[in-house]
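Okay, structure first, notes after.
The values are calculated or read from the model by the stated rules, or taken from the named source; none is laboratory data. Treat the numbers as computed from the prediction; the structure is a model and nothing was measured. Every residue, glycine among them, receives a Cβ derived from its backbone with ideal geometry; neighbour counts consider all protein chains shown.
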Amino acid sequence: MSHPIIETLLQHKGEYVSGERLSQELGVSRTAIWKQIKKLEAAGYRFEASRKLGYRLVGEPPAKLQLGEIVNQLKIYPFVKAVKLFDSVQSTQNIAQQLAEDDAPEGTIILAEEQTNGRGRRGRIFLSPAGSSVSMSIVLRPDLPLQFAPQLTLLAAVALCRGLRELTGLDIGIKWPNDLQVDGKKISGILMESTAENERIRYVIAGIGIGVNLLEEDYPAEMRNIATSLRIAKGEEIDRLAVIVSFIKHFTELYPLYLREGFGPIISLWESMAVMLHKKVKLSTSAGIVEGVPIGLCESGALLVKKADGSTESVFSAESLLSAQETPDIRS
């Protein structure tokens, strides 16, 4: 990124440059300098600021994703038909949906450096700052009845968990239905949005959001106890392209397996990585509160919860409530 403030600070690397000097050299007000610094921070640059001394650039400039490198890394996977990369979008989901309506093939991947209005389940906002996260949407066209669509969320969670474990060595787990966690904190969310015709899937947009290189100060104060990034958990910066490739690698292995053999193999993999199993939880469903111990998945993808009276209930959609064993479930 070429920016006059960055160029000036790089010329004085390791030194402070006063706001007054920056404003004089660039011919703008000090307020304008402050606003530009905030925009650059949102783009992934790191500064130290001192009222007496001014501004100093710290760390290395954020590495941007490069379309050519992404295509070169993903070309070995026949599933991948097209890759589109944007600097800043409201939501990769919106772009992927429009492309799907325009007959984009299965395997079309949308990536963005930044999402300004990324969304999660139930309309929640997904935090996607520039240069430090992975925001990705994929067009899928499985020939399946609409009722099977929830299984794709669980499949994607398994693929992502396997890929990130392999890449980072972190003990990452899956929290039903669509979150990945490490050390009890969320690092990723998955959103599947389906369009159907005559009760069969026309297409599904798989949205994947991953906190890769965010620092603790990037999270709002109210989220710091419940959300984290791979960088925080690992203690070192993570290559975002490697994160993308690791997910696509495992997804393109599991997706054809699922289409051939059904949901059974995915259930076994999901249960081996789940963090909620065999722990008492409370789930808020449309029918009321379900309290019990999750023991696995059923063939439909619902969570099987064993209750105190020994009966088992299938939960298809719910929000986790605070309990002794669980942290609050805030799907950002």
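Going through region 156-185 one residue at a time, which ones are under 17 Å from GLY209 (Cβ atoms) and among the acidic types (Asp, Glu)?
Of everything in region 156-185, just one residue is under 17 Å from GLY209 (Cβ atoms) and among the acidic types (Asp, Glu), namely ASP179.
Out of region 68-116, which residues are under 11 Å from ILE205 (Cα atoms) and touching a Phe, Trp or Tyr at 6+ places or on another chain (Cβ under 6 Å)?
ALA100, GLY107
Say we look at region 285-296 and pick out the residues that are among the aliphatic types (A, V, I, L, M) and surrounded by 13 or more Cβ atoms within 10 Å (Cβ to Cβ); which of these is farthest from LYS75 (Cα to Cα)? Lay out the reasoning, then the answer.
Pass one, region 285-296, residues among the aliphatic types (A, V, I, L, M): 287, 289-290, 293, 295.
If we keep only those that are surrounded by 13 or more Cβ atoms within 10 Å (Cβ to Cβ) as well, we get 290, 293, 295.
On the way: VAL290: 46, VAL293: 43, ILE295: 39 Å.
So the residue we want is VAL290.
Among the residues of region 52-72 satisfying the criterion of being surrounded by 15 or more Cβ atoms within 10 Å (Cβ to Cβ) and not in a loop (DSSP other than H, G, I, E, B), which is modelled with the lowest pLDDT?
LEU57
Would you confirm whether any residue within region 61-73 is over 26 Å from MET136 (Cα atoms) and among the acidic types (Asp, Glu)? Spell out the reasoning first.
If we filter region 61-73 for residues that are over 26 Å from MET136 (Cα atoms), which is where we start, we get none.
Checked region 61-73: no residue is over 26 Å from MET136 (Cα atoms) and among the acidic types (Asp, Glu).
Pairs only if they're at least six apart or on different chains, beta carbon under 7 angstrom, first in region 227-251 and closer than 14 Å to ASN72 by Cα, second charged (D, E, K, R) and buried (at least 20 other Cβ atoms within 10 Å of the Cβ); list them, first residue then second.
Close Cβ pairs (under 7 Å, with a partner that is charged (D, E, K, R) and buried (at least 20 other Cβ atoms within 10 Å of the Cβ)) do not exist here.
Yes/no per residue for (1) at pLDDT 95 or above; (2) buried (at least 23 other Cβ atoms within 10 Å of the Cβ):
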{"residue": "GLY131", "(1), (2)": "no, no"}
{"residue": "LEU152", "(1), (2)": "yes, yes"}
{"residue": "ALA157", "(1), (2)": "yes, yes"}
{"residue": "LEU160", "(1), (2)": "yes, yes"}
{"residue": "THR168", "(1), (2)": "yes, no"}
{"residue": "ILE172", "(1), (2)": "yes, yes"}
{"residue": "TRP176", "(1), (2)": "no, yes"}
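Quick grid of which residues meet (1) surrounded by fewer than 18 Cβ atoms within 10 Å (Cβ to Cβ); (2) basic (Lys, Arg); (3) on the phi > 0 side of the Ramachandran plot; (4) under 26 Å from the mean Cα position of the chain (by Cα):
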{"residue": "ARG260", "(1), (2), (3), (4)": "yes, yes, no, no"}
{"residue": "LEU269", "(1), (2), (3), (4)": "no, no, no, yes"}
{"residue": "VAL275", "(1), (2), (3), (4)": "no, no, no, yes"}
{"residue": "LEU283", "(1), (2), (3), (4)": "no, no, no, yes"}
{"residue": "CYS298", "(1), (2), (3), (4)": "yes, no, no, yes"}
{"residue": "SER311", "(1), (2), (3), (4)": "yes, no, no, no"}
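Could you check region 291-317 and list, in sequence order, the residues that are touching a strand residue (DSSP E or B) at 6+ places or on another chain (Cβ under 6 Å) and part of a loop (DSSP other than H, G, I, E, B)?
Of everything in region 291-317, those that are touching a strand residue (DSSP E or B) at 6+ places or on another chain (Cβ under 6 Å) and part of a loop (DSSP other than H, G, I, E, B) turn out to be CYS298, ALA302, LYS307.
Identify all residues within region 168-201 that are more than 13 Å from the chain's Cα centre (by Cα), over 19 Å from VAL245 (Cα atoms) and of a type in the set (S, T, N, Q); write none if there are none.
SER194, THR195, ASN198
Residues in region 35-51: is at least one at pLDDT below 90, out of contact with any Cys (no Cβ under 6 Å at 6 or more places or on another chain) and farther than 27 Å from ASP87 by Cα?
Initial filter on region 35-51 (at pLDDT below 90): 35-51.
Now restrict to residues that are out of contact with any Cys (no Cβ under 6 Å at 6 or more places or on another chain): 35-51.
Right, trim to farther than 27 Å from ASP87 by Cα and you get 50-51.
Yes, region 35-51 contains at least one residue that is at pLDDT below 90, out of contact with any Cys (no Cβ under 6 Å at 6 or more places or on another chain) and farther than 27 Å from ASP87 by Cα.
Looking only at residues in region 1-34 that are part of a helix (DSSP H, G or I) and closer than 27 Å to GLN66 by Cα, which one is nearest to the chain's Cα centre (by Cα)?
Going residue by residue through region 1-34, those that are part of a helix (DSSP H, G or I) are 4-11, 19-26, 30-34.
Next cut, closer than 27 Å to GLN66 by Cα only: 4-11.
Values: PRO4: 32, ILE5: 31, ILE6: 29, GLU7: 32, THR8: 34, LEU9: 32, LEU10: 32, GLN11: 35 Å.
Among those residues, the one meeting the criterion is ILE6.
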